[in-house]
Structures are given as structure tokens and as C-alpha cells.
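J.: The structure follows.
The values are calculated or read from the model by the stated rules, or taken from the named source; none is laboratory data. Everything numeric here is computed off the predicted structure, so don't read it as measured data. All Cβ positions, glycine included, derive from the backbone under ideal geometry; neighbour counts span all protein chains shown. Only protein heavy atoms, including side chains, enter the accessible area calculation; ligands, DNA and RNA are left aside. Shrake-Rupley method; radii C 1.70, N 1.55, O 1.52, S 1.80 Å.
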Amino acid sequence: MKKLKYALFTGCTAKQSTPEQMMSTMAVADKLGIELVELTEASCCGASHLQDYDDFLSLVLNARNIAYAEKHELTMVTICNTCQLNTAMTKQRLDNNEELKAKVNEKLAEVGLEYKGTSAVTHFLYAIIDDFGLDRLKEMVVTPLSQFNIAPFYGCHNIRPSELQNETHKTAENPYNPTSLDDLIIACGGESVDYDEKNKCCGFHVELQAPHTAAVLTGNAIAGAMDGNADWMVTPCPLCHLKLDTQTAHASEAIGREVELPVLHMQQMLGLALGCTPAELGLNHHLAKVDFI
Amino acid sequence: MSTEHKITTQKVNFKVFRFNADEDYLPYYENYDMEVTSEEVVLDILNRIKWDHDGSFSYRRSCRHGICGACAIKVNGRSTLACKESMNDMVALFGKELVIEPLSIKRAVKDMVIDKADFWEKHDAITPYLVAEIDENPTTENLVSPKDAQKLDEADLCIQCGACHYACPVVEINEDFFGPAAFAAAYRFEADVRDNSESRLKDVNEERQGVWDCVKCFECAQVCPKDIDPIGKITKLHQMAFQEGVANNNVAVRHAVGFKKSIVKNGVLDEGGLVLYSEGPAIVKHLPVAFKMFTKGKIVPPWGITKSENLDEIQKLVKSSSTAKF
Ligand code: SF4
Ligand code: SF4
Ligand code: FES
């Protein structure tokens with residue numbers, strides 16, 4: 001099989017508050033033989049907030065990021081649900097509106113770039129499931145995670161709005177009963193935990209303006225996983241990870257119950273199964289204790 | 001041209017929420033096993049429960065055509081319009097064991113019937129009508145051009161079913177929050193060229209009740225049977241606040257604006273800088289967690305940030321493509 005190669009849009013979080021996500025992404029890509037060309041020219045995607053202020057600017061910046069992936073003639077791979085949403089939504093809007101695309105390209109031309117619409121945009125989770133294949137992954141597992149109950153936490157922006165996601169990913173995900181992350185857990189040899197909050201919101205985007213709302217959502221998510229008897233949680237989104245891993249004190253206070261579980265990035269879980277060391281996966285960068293290894 | 005259309009049947013188990021606020025202390029679930037045909041919608045099942053099993057079973061319905069908005073309920077936790085939702089699709093989504101519940105269990109009055117008072121209060125609160133000086137004796141029609149009508153972005157097609165409102169996680173936590181349907185309605189009138197309301201856009205921009213407390217989960221867009229895309233309308237209300245100069249100088253607004261400031265400077269986001277700009281002196285409340293994050297190597301100081309390559313391009317684009325002011 002041809003070697004898989006993608007243009008990697010790291011997003012900002014992986015370079016700042018979740019360095020472990022960057023480390024584990026590279027470690028896992030290396031193990032799987034996936035080549036990632038980092039888009040070092042990329043800007044922030046606006047994290048689903050910039051467009052509230054300036055929609056056109058947000059479109060232009062995201063189109064610029066995709067244009068760099070197009071220059072490499074590669075599919076863009078994201079490692080953050082919200083980067084995925086912003087980028088895929090930009091692509092959807094430009095690909096379906098010639099007038100808007102022309103307006104955006106008029107701006108991009110000022111810096112010698114053009115958005116063509118030739119590169120697909122997909123999240124690393126779906127790159128693995130759609131392109132790499134779970135069967136192939138299973139064969140490469142050296143340390144099956146068989147003793148663990150693992151609670152998948154999907155994160156809103158990978159599964160909703162499903163119309164956009166199902167246009168973007170080959171795996172048609174049911175937003176009410178998503179399966180991709182469960183399938184990944186099972187491929188790694190783990191037991192996936194079913195619980196009501198797995199496809200719910202972590203509250204990240206109102207952390208500053210509505211801290212109580214945000215904390216209750218985080219608390220409910222961890223509590224749901226705990227009640228489902230999970231040993232740990234896993235998520236494909238660094239923003240969900242930040243909430244679940246660093247905000248347990250607020251979350252516990254908000255829901256009146258002590259909640260805490262180790263929370264791994266999807267790449268860290270893969271890395272463990274593929275035989276990476278905890279140091280390679282940056283497991284020392286977590287706030288919630290990762291004490292099961 | 002005759003393509004054969006086959007009607008199939010399958011056995012489905014329904015777990016149906018039952019509760020009578022006048023008699024029952026607690027709700028319970030009744031089991032019904034039924035043969036379901038591929039032609040049926042969820043409302044047909046509700047009808048058959050009432051007609052064939054228990055005449056006291058209660059639910060709302062009127063038009064049977066997705067127009068009145070009365071019949072919204074939840075199937076396996078998903079808000080849906082009973083008269084529009086095909087049983088086949090429900091089985092495809094959830095399998096052959098379906099849980100039928102009212103839109104909001106805590107507001108249940110009798111079986112599927114809920115007290116929707118909060119929904120209507122929120123709706124009333126956003127001034128859900130045109131505010132305009134109307135000439136009482138007009139000599140010509142007050143026409144809206146098709147181009148102007150398009151600005152409503154189909155928000156006027158909302159049938160007030162409440163599916164989105166009771167799917168919204170913020171509505172459940174923050175009782176002041178107007179909710180997605182009320183915001184879609186607010187947008188419907190704000191986008192109307194005839195409207196002159198001075199207060200509506202300000203009201204939906206207030207903290208706690210307003211658009212800035214939306215957590216961007218897209219549950220509302222996912223459930224809406226009329227494809228209104230309430231979160232899309234919420235985004236437009238955000239933008240309007242800046243266009244009309246009514247955006248308050250508060251943490252939420254600065255948080256949106258702060259992204260641009262960061263991008264101009266670094267291309268990428270300066271996470272700490274964004275929190276500082278958004279919170280101002282209130283940043284002290286984040287210090288305990290920030291300190292813990294620092295000890296785990298999760299905080300990069302401003303001077304340690306790796307800026308985007310070709311930053312000059314980004315800066316040039318920000319200059320030439322900005323359309324909003326704060
Ligand atoms: S996107 Fe906003 S309004 Fe819509 S359901 Fe989520 S929190 Fe509620
Ligand atoms: S926006 Fe859609 S889901 Fe919400 S009340 Fe209107 S029609 Fe129903
Ligand atoms: S019965 Fe009127 S919308 Fe369903």
C-alpha cells in the first residue's frame with residue numbers, strides 16, 4: 001500500500017497548552033508510517049469565535065491555510081475538532097459559492113495565493129479510520145489495552161453538524177450514536193464504555209463567559225464516564241481534553257461531586273497500543289493523574 | 001414507468017414514558033412490541049398506542065404535516081417531530097429498541113405533553129414582532145424585495161416546535177438563557193428591513209440570557225426539522241452586534257475580538273494573551289489552574305510562541321480583509 005501523506009494543520013493548542021498532543025501525534029504517525037508535512041505557515045483558525053466578530057476575515061484566513069495544503073497537493077489533516085469544523089465549514093462554503101470564493105481569492109491574490117478547493121480536509125481520527133484502516137491498525141497493536149474500560153468522548157465539532165461531517169469524512173457518523181472512537185478503542189484491544197455523555201458538549205467555548213455552564217457540562221461528562229465504570233477517557237479534541245483534564249476542580253464544585261479520571265488524547269491511546277513509551281506520548285503533561293500505566 | 005415500491009414490516013420494541021402529574025409520584029416506562037411498517041412515521045406509533053392499547057395515552061398533534069409544531073417529542077434522546085420522522089429512519093439510527101419520551105422530562109405534565117411555558121416566555125422576551133412606524137392609511141403596498149427577503153435566511157420558517165430548545169444543554173443549566181429558537185426568532189426580525197426595534201439586539205446581547213452564552217455544540221442545528229440552523233442565526237446575531245455597535249465591552253465580546261489581536265501579532269493564537277485580554281484584572285481567578293498547568297509544561301510565555309511563517313502575509317490579509325470594528 002502506498003505510504004499515506006498529509007498536510008498537518010496542528011492548530012494552536014497542540015503547540016501550547018497540550019504539547020503532549022503534538023508529541024503523541026508525531027510518535028503515532030511515525031509508528032504507522034504516515035508522513036505528516038506540517039503547515040508551518042498556517043494561522044489560527046479562529047476557534048469558532050473569530051467569525052462571530054468578523055466572518056469574512058475568518059473565511060480568508062482559513063482559505064489561506066487550506067491553500068497551503070493545496071500547494072503541497074495533499075489532504076489537510078487536523079488534530080482538533082474545532083479546527084476541523086472551521087476549516088471544513090470554510091471549504092464547504094467556498095466550494096458551494098463561486099461568488100464568495102472569488103471574493104476570498106481576490107484577497108488571497110494580494111499575497112500570491114489561491115484557494116482552489118482541491119484539498120480535502122479531514123480529522124486525524126478519520127484519516128486513520130477511512131484511509132489507514134482499522135484492520136491494518138489491529139495488526140500493528142503490540143500492547144493491547146485489554147485490561148481497560150475506556151470511555152470515548154467524541155467532542156461536538158467532529159460529529160455535528162452531521163451534514164458537514166459526513167460530507168468531509170468517508171465514515172458516516174451518526175451524531176446520536178457515533179462509533180468511530182469506540183471502534184478505535186476496540187481496535188486497540190480496549191473495552192469501550194457506553195454512556196450518555198459521550199456525544200455531548202464539554203463546555204469549552206463558554207469557559208470564560210459562562211464558567212458555571214462550562215463546569216457543569218465538564219462535570220457531567222466525567223461523572224457519566226465514571227458511572228459507566230471507565231478506567232479512563234479518550235478524546236480526539238485537545239479543547240475537550242483541556243476541559244476534562246484541567247478543570248476538574250471547578251467541575252466537581254459545580255455538580256457537587258468529586259470527579260476526576262485520567263483523560264488521554266486519542267493519539268496517546270494509539271501510542272500506548274502501538275508500543276510507544278509514556279515519555280514519547282507526553283503522559284507527564286497531564287493534570288489529572290495518569291496512574292494506570 | 002413503474003418502480004415497484006415494497007412495504008416492509010419489522011418488529012420494534014417501544015419503551016414509552018408514562019406520567020400523570022395529577023396522579024403519579026414518579027414516571028414509569030410502558031413496553032409495547034409492535035409490527036412497524038416502512039411507511040409509518042413516529043406519530044402513527046403514538047396513535048396506535050392510544051387507539052389499540054391505552055386510550056389515556058396523551059400527546060400533542062394537530063396538523064400532521066410538520067406545520068403546527070405541536071408533536072415534537074424525543075426518540076432515544078433525540079428531539080424530533082413525530083409527524084415527520086419516518087420510523088424506518090429511527091430504526092436505522094437507533095435499532096429496534098426505541099425509547100419514546102417527552103421533549104423535557106422535568107416539564108412533563110402527562111405522558112408526551114409538557115409544560116412549554118419557559119419556551120414561550122423566552123420567545124416573548126425577544127420582541128417577536130415587527131417594530132415599525134406603520135402608516136395607518138397607506139396608499140401603496142409595503143413591499144419587501146426578494147433580495148431583502150432572502151436576508152431572513154429562512155428563519156421565518158420556524159414552527160416553534162421547541163425541538164432545539166429542549167435539546168440545548170445551556171437551556172438546561174442556565175434558566176435565563178433565551179435558547180436557540182428564541183434567537184432564531186430574534187434574527188428573523190432583526191434581519192427584516194422593515195424592523196426598527198431599538199432594544200431587541202441589545203437584549204440578545206446581554207450576558208447570561210444572550211447569544212454569548214451559547215456553547216456552540218450544534219445540537220440545535222442537528223435536531224431542527226425545518227433546517228433553520230439556529231446556531232447559524234446566533235452567529236449572525238453576534239456579527240450584527242458589532243455592525244450595529246451594540247456589542248458590550250465584556251469578557252465574551254473581548255474573547256471573540258481577541259483572536260484577531262493574537263492573529264495579527266503571531267499568526268497563531270497566544271492562549272495566555274487571549275485570556276488576559278478577555279478577562280482583564282479578573283484573570284486572577286484563573287491563576288491557580290494556570291499555575292498547575294505551568295508546572296506541567298502547558299503554558300507557553302508570549303516570548304516562547306512559535307509565530308506562523310510568512311506572518312507578513314497574514315498581517316496583510318488582516319488589514320485588507322477586515323470587515324468589523326470594535
Ligand atoms: S449551539 Fe448554542 S443554542 Fe444551539 S443547542 Fe448548542 S448551546 Fe444551545
Ligand atoms: S428552530 Fe427548528 S427546532 Fe427550533 S423551534 Fe424552530 S422549527 Fe423547531
Ligand atoms: S402534528 Fe403539526 S407539526 Fe407534527
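J.: Could you tell me what % of all Cα pairs in region B:251-321 have separations over 18 Å? Intermediate results must be reported in sequence, preceding the final value.
T.: On the way: 1135 of 2485 pairs.
Of the Cα pairs, 46 percent sit more than 18 Å apart.
J.: Can I ask one more? Shielding by partners for B:258-271, please: the mean number of other protein chain Cβ atoms within 10 Å of each residue's Cβ.
T.: Details: counts 4, 15, 9, 0, 4, 9, 1, 0, 3, 7, 10, 11, 3, 6.
Across the residues of B:258-271, the mean count of other-chain Cβ atoms within 10 Å is 6.
J.: Given H placed on each backbone N at 1.01 Å, which residues far from A:Glu35 in sequence or on other chains put an amide H within less than 5 Å of it?
T.: A:Leu4, A:Lys5, A:Tyr6
J.: Compute the Rg/Rh shape ratio of region A:1-69: radius of gyration over Kirkwood radius, all on alpha-carbon atoms.
T.: Numbers: Rg = 14.1 Å, Rh = 13.4 Å.
With Rg and the Kirkwood Rh in hand, the quotient comes to 1.05.
J.: Moving on. Taking H as built 1.01 Å from N, whose amide H comes closer than 5 Å to the amide H of B:Val99, not counting residues under 5 places away?
T.: Hits under the 5 Å cutoff: B:Lys15, B:Asn76.
J.: Roughly speaking, to the nearest percent, how much of region B:251-321's 1.4 Å accessible area is carbon and sulfur? Let's see the in-between values first.
T.: Values: 2430 of 3610 Å².
Carbon plus sulfur share of accessible area: 67 percent.
J.: Distance between the C-alpha centers of region A:24-55 and region A:174-220? Whole Å please.
T.: Region A:24-55 and region A:174-220 have Cα centres separated by 21 Å.
J.: Could you pull out every residue, at least 5 positions away or on a different chain, whose amide H is within less than 5 Å of the one on A:Leu264? Hs are placed 1.01 Å off N in the peptide plane, and Pro or chain starts have none.
T.: A:Met233, A:Val234, A:Thr235
J.: Any idea what the relative contact order of chain B is, in percent, if you count C-alpha pairs under 8 Å spaced at least 6 apart?
T.: Details: 472 pairs, mean separation 40.9, N = 326.
Across chain B, relative contact order equals 13 percent.
J.: Heavy atoms only, probe 1.4 angstrom, no DNA, RNA or ligands counted: give me B:Arg48, B:Arg208 ranked by accessible area, highest first. Spell out each step's value before the answer.
T.: Numbers: B:Arg48 55, B:Arg208 115 Å².
The ordering from most to least exposed comes out as B:Arg208, B:Arg48.
J.: For peptide A:63-75, compute the average count of partner chain beta-carbon atoms within 10 Å of each residue's beta-carbon.
T.: Details: counts 2, 6, 2, 0, 0, 2, 0, 0, 0, 0, 0, 0, 0.
The per-residue average across the peptide is 1.
J.: What accessible area, summed over both chains, is buried at the A-B interface (1.4 Å probe, Å², nearest 100)?
T.: Details: alone 12590 and 19460 Å², together 26450 Å².
Buried surface at the A/B interface: approximately 5600 Å².
J.: If you wrap a convex hull around the C-alpha atoms of region A:5-123 and split its volume per residue, what is the figure in Å³? Walk me through the numbers before you get to the answer.
T.: Details: hull volume 10.9 nm³, N = 119.
Given the Cα convex hull of region A:5-123, per-residue volume reads 92 Å³.
J.: Please state, as a whole number in µm²/s, the translational diffusion coefficient that the Stokes-Einstein equation yields for the protein assembly as shown at 25 °C and 0.890 mPa s, with Rh defined as the Kirkwood radius across alpha carbon pairs.
T.: Estimated diffusion coefficient is 95 µm²/s.
J.: Explain nothing, just compute: Karplus ³J(HN,Hα) = 6.51 cos²θ - 1.76 cosθ + 1.60, θ = phi - 60°, for every residue of region A:101-109 in order, whole Hz, x for Gly and Pro.
T.: Residue by residue, region A:101-109 yields 4, 5, 4, 5, 5, 4, 6, 4, 4 Hz.
J.: Okay, moving on. From the phi of every residue in region B:309-314, what ³J(HN,Hα) in whole Hz does the Karplus formula 6.51 cos²θ - 1.76 cosθ + 1.60 yield, where θ is phi - 60° and glycine or proline is x?
T.: Along region B:309-314, the couplings run 5, 6, 4, 4, 4, 4 Hz.
J.: For peptide A:174-182, compute the average count of partner chain beta-carbon atoms within 10 Å of each residue's beta-carbon. Mind dumping the intermediate values first?
T.: Working: counts 4, 6, 8, 6, 0, 0, 0, 0, 0.
Mean shielding by partner chains, rounded to a whole number: 3.
J.: So, with +1 on the Cβ of K and R and -1 on the Cβ of D and E, and no other charges, what is the size of the charge dipole of region A:186-263 about its Cα centre, to the nearest 20 debye?
T.: Working: 4 positive and 11 negative charges, 49 e Å.
For region A:186-263, the charge dipole is close to 240 debye.
J.: Rounded to whole Å and sorted largest first, what semi-axes of the equivalent ellipsoid does the C-alpha gyration tensor of region B:9-114 yield via the square root of 5 times each eigenvalue?
T.: Values: eigenvalues 83, 49, 33 Å².
Here the semi-axes work out to 20, 16, 13 Å.
J.: Of B:Ala186, B:Asn76, B:Ala290, which is farthest along the charge dipole of chain B in the positive direction, counting Lys and Arg as +1 and Asp and Glu as -1 at C-beta?
T.: Checking the options against the dipole of chain B, the answer is B:Ala290.
J.: Hey, another quick one. Quick check on chain A: helices-only [θ] at 222 nm, where DSSP H runs of length 4 and up contribute -39,500 (n - 2.57) each and the sum goes over total residues. Nearest 500, please. Walk me through the numbers before you get to the answer.
T.: Working: 13 runs with 131 residues, N = 293.
Rounded to the nearest 500, the figure is -13000 deg cm²/dmol.
J.: Hey, got the dipole for region B:251-321? About the Cα centre, +1 on K and R Cβ, -1 on D and E Cβ, debye to the nearest 20? Before the final figure, lay out the partial values.
T.: Details: 11 positive and 6 negative charges, 38 e Å.
For region B:251-321, the charge dipole is close to 180 debye.
J.: Can you give the three extents of the C-alpha atoms in chain A along their principal axes, from longest to shortest, in whole Å?
T.: Reported extents, whole Å, longest axis first: 54, 47, 32.
J.: With n ≥ 4 as the cut-off for DSSP H runs, can you work out [θ] at 222 nm for chain B, using -39500 (n - 2.57) per run divided by the number of residues, rounded to the nearest 500? Before the final figure, lay out the partial values.
T.: Details: 13 runs with 113 residues, N = 326.
Value at 222 nm, helices only: -9500 deg cm²/dmol.
J.: Taking the Cα centre as origin and putting +1 on Lys and Arg beta-carbons and -1 on Asp and Glu beta-carbons, what dipole magnitude results for region A:136-285, to the nearest 20 debye?
T.: Numbers: 8 positive and 18 negative charges, 49 e Å.
For this selection, approximately 240 debye.
J.: For chain A, what is the relative contact order in percent, using Cα pairs closer than 8 Å and at least 6 residues apart in sequence? Intermediate values should be presented prior to the final figure.
T.: Values: 540 pairs, mean separation 59.8, N = 293.
Relative contact order here is 20 percent.
J.: Sticking with this structure for a sec: Whole number please: convex hull volume per residue, Cα atoms of region B:194-326, in Å³.
T.: Once divided by residue count, the hull of region B:194-326 is 167 Å³.
J.: Same structure again: For the pair B:Asn248 and B:Glu4, how long in nm is the line joining their label points, each one 7 Å along Cα→Cβ?
T.: 6.6
J.: Report A:Ser192's accessible area, 1.4 Å probe, all protein chains in place, as a number in Å² to the nearest 10.
T.: Approximately 40 Å² of A:Ser192 is accessible to the 1.4 Å probe.
J.: Counting only heavy atoms of the protein chains, get the accessible area per residue of the protein assembly as shown (1.4 Å probe) and round it to a whole Å² value.
T.: Working: 26450 Å² over 619 residues.
Accessible area per residue: 43 Å².
J.: What list of ³J(HN,Hα) couplings, whole Hz, do you get for region B:253-259 from phi and the Karplus terms 6.51, -1.76, 1.60, once you set θ to phi - 60° and write x for glycine and proline?
T.: 5, 5, 4, 5, 5, x, 4
J.: Between region A:133-152 and region B:164-235, what's the alpha-carbon centroid distance in Å?
T.: Going from one Cα centre to the other spans 42 Å.
J.: Would you work out what percent of the accessible area of region A:136-285, with all protein chains in place, is carbon or sulfur (probe 1.4 Å)?
T.: Working: 2370 of 4970 Å².
That share works out to 48 percent.
J.: Any chance you could check the Cα centroid distance between region A:82-102 and region B:106-129 for me, in angstrom?
T.: The distance from the Cα centre of region A:82-102 to that of region B:106-129 comes to 36 Å.
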